[in-house]
Amino acid sequence: MQNKFVISLGGSLIFPDDLDKIFLMKFRKIIQKHAKKGRKFIIICGGGKLARSFQQAASKKRKLSNEELDWLGIHATKINAHLLKSIFGNNAEDFIVGNPNAKINFKKSILVAAGWLPGWSTDYDAVMLAKNIGIREVINMSNVDYVYDKDPRKNRDAKKIEKISWNGYNKLISKKWKAGMNVPFDPVAAKEAQKSKMKVNIIGSDLKNFENLLNGKKFRGTVIK
């Protein structure tokens, strides 16, 4: 059974409109339960509403470049990462990973990471961290439960996809990364994951479903590989 997991935890679950304390406490309980069994978790935090609030507030004063918007989003991910590290206490490493390519001395059960550079989404960071640590699979948790053949918010007839190739997935999304982009897995990360022959599991916020995935059971979501 797999003992190391890389999780790209969407900011939409940490900070949807306000801090989601209930979700975070339940998430913590599941991670700690599995950590006691000797499993290890690398959790990369997204920015969520906190990032968009920063970006929108700054953009009211003047037009910001993509790089400036990215930096605001990165700082939001760092705030969320510090929060997550705090709630895991001594089970988490004392440091938060920024550069996903750096040499990492990972001894404790939980390692928390944040965004790093403009143009690098936290999905991309997750892929690079997984490569760095030698894991060929990423769990993507967000407010999106599946990949759909078209935007389900705009199309009532959108169909969920349970399995798809990277070529098929890349045809569904925009080819360029943009700060605040809202896709199940961003295009730059998707390109790197395909190149690295990595599998990505897109799941929603249902924590029972998440635990099914951890236990190797059937789960609801999309597998891209």
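Summary of values
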item	result
Verdict on residue 162 being acidic (Asp, Glu) and under 23 Å from residue 45 (Cα atoms)	no
Boolean, residue 110 is among the β-branched types (Val, Ile, Thr), closer than 25 Å to residue 135 by Cα and buried (at least 18 other Cβ atoms within 10 Å of the Cβ)	yes
Check on residue 144, buried (at least 20 other Cβ atoms within 10 Å of the Cβ), assigned to a loop (DSSP other than H, G, I, E, B) and aliphatic (A, V, I, L, M)	yes
Residue list for region 94-104, restricted to those being surrounded by fewer than 20 Cβ atoms within 10 Å (Cβ to Cβ) and either touching a strand residue (DSSP E or B) at 6+ places or on another chain (Cβ under 9 Å) or over 16 Å from residue 124 (Cβ atoms) (or both)	94, 95, 96, 98, 103, 104
Test: residue in region 112-126 that is of a type outside the set (D, E, K, R), farther than 18 Å from residue 186 by Cα and assigned to a loop (DSSP other than H, G, I, E, B)	no
Tally of residues being out of contact with any Asp or Glu (no Cβ under 8 Å at 6 or more places or on another chain) and part of a strand (DSSP E or B) across region 27-82	5
Filtered residues of region 88-104 (kept if β-branched (Val, Ile, Thr) and assigned to a loop (DSSP other than H, G, I, E, B))	104
Where a residue in region 77-106 is within 22 Å of residue 23 (Cβ to Cβ) and its partner, wherever it lies, is of a type in the set (Ser, Thr, Tyr) and not in a loop (DSSP other than H, G, I, E, B), with Cβ under 9 Å and at least six apart	77/122; 92/86
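Okay, residues lined up against (1) touching a strand residue (DSSP E or B) at 6+ places or on another chain (Cβ under 7 Å); (2) closer than 19 Å to residue 124 by Cβ:
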{"position": "140", "(1), (2)": "yes, yes"}
{"position": "148", "(1), (2)": "yes, no"}
{"position": "151", "(1), (2)": "no, no"}
{"position": "156", "(1), (2)": "no, no"}
{"position": "163", "(1), (2)": "yes, no"}
{"position": "191", "(1), (2)": "no, yes"}
{"position": "202", "(1), (2)": "yes, yes"}
{"position": "206", "(1), (2)": "no, no"}
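Every number in this text was worked out from the coordinates using simple rules, so none of it is lab data. Treat the numbers as computed from the prediction; the structure is a model and nothing was measured. No Cβ is skipped: glycine too gets one built from the backbone with ideal geometry, and neighbour counts run over all protein chains shown.
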